[in-house]
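To start, the structure under review is shown below, and the notes come after it.
What follows draws every value from the coordinates through simple rules; no lab data is involved. Every value quoted in this text rests on a predicted model; they were computed, and no experiment measured them. No Cβ is skipped: glycine too gets one built from the backbone with ideal geometry, and neighbour counts run over all protein chains shown.
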Ligand SMILES: [Zn+2]
C-alpha cells in the first residue's frame, strides 16, 4: 500500500456513497485509493470483479491475461463489445476501466503469468484476485501469495456452480494448497463443461467485495469457502482448516 493521503474534494464527491458508510468512512476510502490489487484473468470472473475495483478507486490495478477476445466470450465477459473481438482482453479491459474511472493507475499485461512475473508484481500487492481457470496457474499464484504473505481471493465457476474463498496468508491461516489437499482439484474448463453467464458475475463480484473489504480494513474470514448453486439458488459455507501436510504454507 502506498502512503495514505487525505481525499481531495473531487474524490470526496466521487466516493461519497462509500464515505457515508460508517464501516468505511474517509479512512477506508483512503486505504482503497492507496492500494494495489492484482487481477489475474480478465475472463468472466475478472470482467465482473474489475469494474468495481476500478470504480471504487483502487489506486493501482494490475490486469494480466494473455488471451484474445473471441465471440463466444461476449456471452458473459461484459467488459467487452463486439468491436473488441480479436483484441487482447487485458488491453480492452484496461481501456474500459480507465473510461469508467480515470483515477486508478492501470497496468495491462498480455504475457503468460509465470513465476518470474508473479515474483515481480505480487510482492507489494495488497490483494490478488485469482480469476483464472487453470490449476497450474492457480498453484503458482498461491505459492507466490503465500511466500509474500499477500491475501489471495480465489474464484471459480463452471456450469451452474460457483465458489469463492479468501486466504489471508498469515502464518496461521490455510492456503489454496490446503484446500486442494482436502477437496482435490478437478481441472475442467468452461470450454468443456459450459458456464451460465450470470454465475460468473455473482462470483466475480464476491471476489471484488472481499478485496475491497480487506483493503479498507474490514474483517474478512480466512479460509471460509462459499459455494453457490445457481440452479437451486442455494448457498453453502464451510471452513477450510490448515492442512498439516501442506508443504506450501507450512512455516
Ligand atoms: Zn497450505
- Query: What 222 nm value per residue comes from the helices of the chain, counting each DSSP H run with n ≥ 4 as -39,500 (n - 2.57) and dividing by all residues, nearest 500 deg cm²/dmol?
  - Reply: -11000 deg cm²/dmol
- Item | Packing-based exposure ordering (other Cβ within 10 Å, fewest first) of 249, 111 | 111, 249
- Message: Once you keep just the Cα pairs under 8 angstrom separated by 6 or more residues, what percentage relative contact order results for region 35-239?
- Response: 23 percent
- Task: Could you give the C-alpha radius of gyration of region 75-172 expressed as a fraction of 2.2 N^0.38 Å, taking N as the number of residues it contains?
- Result: 1.19
- Note on the structure: Subtracting the Cα-Cα distance of residue 147 and residue 124 from 0.36 nm times their residue separation yields 7.1 nm
- Using a simple spin-label model with points 7 Å from Cα along the Cα→Cβ vector, what separation in nm is obtained for residue 242 and residue 12? 4.4 nm
- Query: Once both labels are modelled 7 Å past Cα along the beta-carbon direction, what's the residue 197-residue 218 spacing in nm?
  - Reply: 2.9 nm
- Message: Starting from the Kirkwood Rh over alpha-carbon pairs, what translational D in µm² s⁻¹ does the chain have by Stokes-Einstein at 4 °C and 1.567 mPa s?
- Response: 71 µm²/s
- Order of 25, 166, 222 - criterion: other Cβ atoms within 10 Å of each residue's Cβ, fewest first: 25, 222, 166
- Message: What whole-number volume per residue, in cubic angstrom, does the convex hull of the C-alpha atoms of region 1-129 give?
- Response: 102 Å³
- Message: For a quick check, take a GNM of the chain with Cα springs below 10 Å and name the residue from 12, 233, 143 with the largest mean-square fluctuation.
- Response: 233
- When 179, 20 are ranked with the fewest other C-beta atoms within 10 Å first, the list becomes 20, 179
- Query: With r defined as the distance between the Cβ atoms of residue 112 and residue 182 and R0 fixed at 30 Å, what FRET efficiency is calculated, to the nearest 0.05?
  - Reply: 0.55
- Message: Running a GNM on the chain with Cα contacts under 10 Å, which residue among 102, 51, 219 ends up with the highest mean-square fluctuation?
- Response: 219
